[in-house]
Amino acid sequence: MKPHKHDPLKIRPAKETDVGLLAEFIRGIAEYEKLLDQVVTDEAILRESFFGSRPSAEALIVEWEGKPAAFAVFF
């Protein structure tokens, strides 16, 4: 089904400019799970993992009414 141009929900591939947002989402989940002290990543690691010369993962960004609301990582 093709999305209507006025749909409030949008799912799109992550872009390199989303690295900070991905880091924020990852830390948010870790904080919720009380595992923030175990997060071993930063924007440089994420940039290389998702957008480097040999990416090891991909991500999707979910936007609700034009604002980031969720993400998915897959590899």
Exercise. Can you run phi through the Karplus equation (6.51, -1.76, 1.60; θ = phi - 60°) for region 35-47 and list ³J(HN,Hα) in whole Hz, with x for Gly and Pro?
Worked result: 10, 4, 5, 9, 6, 10, 7, 8, 5, 5, 5, 5, 4
For this session: Could you tell me the number of lysine pairs in region 1-72 with C-alpha atoms less than 17 Å from each other, where the two lysines are 8 or more residues apart or belong to different chains?
Result: 4
Exercise. Got a number for carbon plus sulfur as a percent of the chain's accessible area, 1.4 Å probe?
Worked result: 57 percent
Exercise. For Rg/Rh (Cα atoms, Kirkwood Rh), the listed values are (i) 1.09; (ii) 0.93; (iii) 1.02; which was obtained by calculation from the structure presented?
Worked result: (iii)
For this session: Hey, can you grab everything whose amide H is under 5 Å from the amide H of residue 14? Only 5+ residues off in sequence or another chain; H modelled, so Pro and N-termini drop out.
Result: 59, 60, 61
Exercise. By how many degrees, 0 to 90 and rounded to 10, does the Cα axis of helix 19-32 deviate from the longest principal axis of the chain?
Worked result: 70 degrees
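The values are calculated or read from the model by the stated rules, or taken from the named source; none is laboratory data. Please read these numbers as outputs of a predicted model, since none were measured by experiment. SASA here: full protein model, heavy atoms, side chains in, ligands and nucleic acids out. Shrake-Rupley method; radii C 1.70, N 1.55, O 1.52, S 1.80 Å.
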